Amino acid sequence: MTAHHVLRAIPVEDRAWLIAALDDALAGGAPILPLAHGEDPGASDIEEIRALPLPEDLAVVVRTSGSSGVPKAVALSRSALVESAVATHEALGGPGQWLVALPTQLISGLQMLVRSSVARTEPVFAPEGADARQLLEAAEQLDHERRYVSLVPVQLARLLDLAEGDAEAAEALQRFDAVLVGGQAVSLELRRRAHTLGVSLRRSYGMTETAGGCVYDGVEIGDTLVRIRGGEVQLAGPTLALGYLGDEAQTDERFITEPNRAGEDIRWYRTGDAGELLGGMLTVTGRLDRVVISGGVNVSLDEIERVAREFPGWGSAVALATDHPEWGERPVLVVEVDPAAAPFDEVREGIRAKLGAAAVPEWANETERLPRLPGGKPDLPAIQAWLQTLRASFAQLRDDRAETPRLADEGETE
């Protein structure tokens, strides 16, 4: 249908073109590069990617910051994408129709289109930026006997908030045969709430380099293999990416080949995640590097520091991560006191403008002097421990203040 090995840049807002081009790519046509809403196809960084040599069997190039916070162009083969889709449907009980509620320039949203193509079903798109009610209204358009949706935890939390007070919303959520949730850890509280409402929750673990989720509820799907080496989660199987376009060094570092016990070469992807295998089930315990996964978006703490330090009085800023009930993790800042420092709100808006909403610090704390290592670098574990102590004292202060009015009222009535 189209010339091979000419990478086509496709705006995701043109859904008909995106679906047709993806179908063509999966059938052996020209590979595609999905572009985010409003992104200029003629931009220099897009042209640079399109000018790179392309590997055989390439179907899709997905750009991601990955675990390092450095942008990468991940090359995904036709076979990897199709294998992933088939494995997903096998794990969920059969092909079905997908509600698309995630950005389709990312693997999380694009894979729903691949699954739809493989299953020969029509995907239904939720409105961009849809709230919980709008998402469930869009789900009413699903007409297949099996219904699926993939979300990030913050979307699940908002759906549960709605469903817990609205019987019709709860019923609509219960009609999904599977609600996949990935992008970051799903808290025990969210899982409990979903179970109480009868939601068919499935926790998905994977990344762009594995063509999407390849471990569900701690167990491998399809022909995926999992191992732990040096505390790092490593993955193998037919869904692995071809590598990174234009970056052989990074490809060789992250994708390694080693013989198994039978002497057969196995290609592994080094995820950068810390984890452990207990009873054959994978538990991801965190990151081996300094990246916040907030609402399913990877954000480099080093990049947050870099932007913050551009503002007057913020040259000492250190970015750390803190747990958040909705977003999983959120970045925070610690900075040494400087009377001439720019306002925190100004710093937050600067970070938002350069790195996006997921990188915006939740709050900032000042201190007279940061703990430092002998070489002068900030002592991150010591700063983190100080923050935990500080937050605990704030929590105690709030509790004490909450108690004071109640005791006064009791005194007045006696």
Could you please let me know if Val292 is open to solvent by less than 30 Å² (accessible area, probe 1.4 Å), in contact with a strand residue (DSSP E or B) (Cβ under 7 Å, 6 or more places away or on another chain) and without any contact (Cβ under 8 Å) to a residue 60 or more places away in the chain?
-> no
Counting only residues that are within 22 Å of the chain's Cα centre (by Cα) and touching a residue at least 24 places away in the same chain (Cβ under 8 Å), which one in segment 278-289 is farthest from Arg352 (Cα to Cα)?
-> Met281
How many residues, within segment 110-134, are open to solvent by less than 20 Å² (accessible area, probe 1.4 Å) and in contact with a Ser or Thr (Cβ under 8 Å, 6 or more places away or on another chain)?
-> 6
Of all residues in segment 216-259, how many are more than 24 Å from Ala85 (Cα to Cα), of a type in the set (D, E, K, R) and more than 21 Å from the chain's Cα centre (by Cα)?
-> 6
Please determine, by comparing only the residues of segment 367-386 that are surrounded by 12 or more Cβ atoms within 10 Å (Cβ to Cβ) and modelled with pLDDT of 85 or more, which one is nearest to Arg348 (Cα to Cα).
-> Thr367
Meets criteria (modelled with pLDDT of 90 or more, closer than 27 Å to Gly296 by Cβ and hydrophobic (A, V, I, L, M, F, W, C)) for Ala364 | yes
Could you grab me the full set of residues in segment 268-282 that are surrounded by 14 or more Cβ atoms within 10 Å (Cβ to Cβ), over 17 Å from Lys72 (Cβ atoms) and not hydrophobic (A, V, I, L, M, F, W, C)?
-> Gly275
Which residue, of Gly231, Gly212, Gly237, is in contact (Cβ under 8 Å) with a residue 12 or more places away in the chain, surrounded by fewer than 21 Cβ atoms within 10 Å (Cβ to Cβ) and not β-branched (Val, Ile, Thr)?
-> Gly231
Taking the options Ala262, Ala274, name whichever one is over 15 Å from the mean Cα position of the chain (by Cα), of a type in the set (Gly, Ala, Ser) and under 17 Å from Thr210 (Cα atoms).
-> Ala274
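The values are calculated or read from the model by the stated rules, or taken from the named source; none is laboratory data. Every value quoted in this text rests on a predicted model; they were computed, and no experiment measured them. Here Cβ is always computed from backbone atoms with ideal geometry, including for glycine, and neighbour counts include all displayed protein chains. Accessible surface areas use protein heavy atoms only, side chains included; no ligands, DNA or RNA. Shrake-Rupley method; radii C 1.70, N 1.55, O 1.52, S 1.80 Å.
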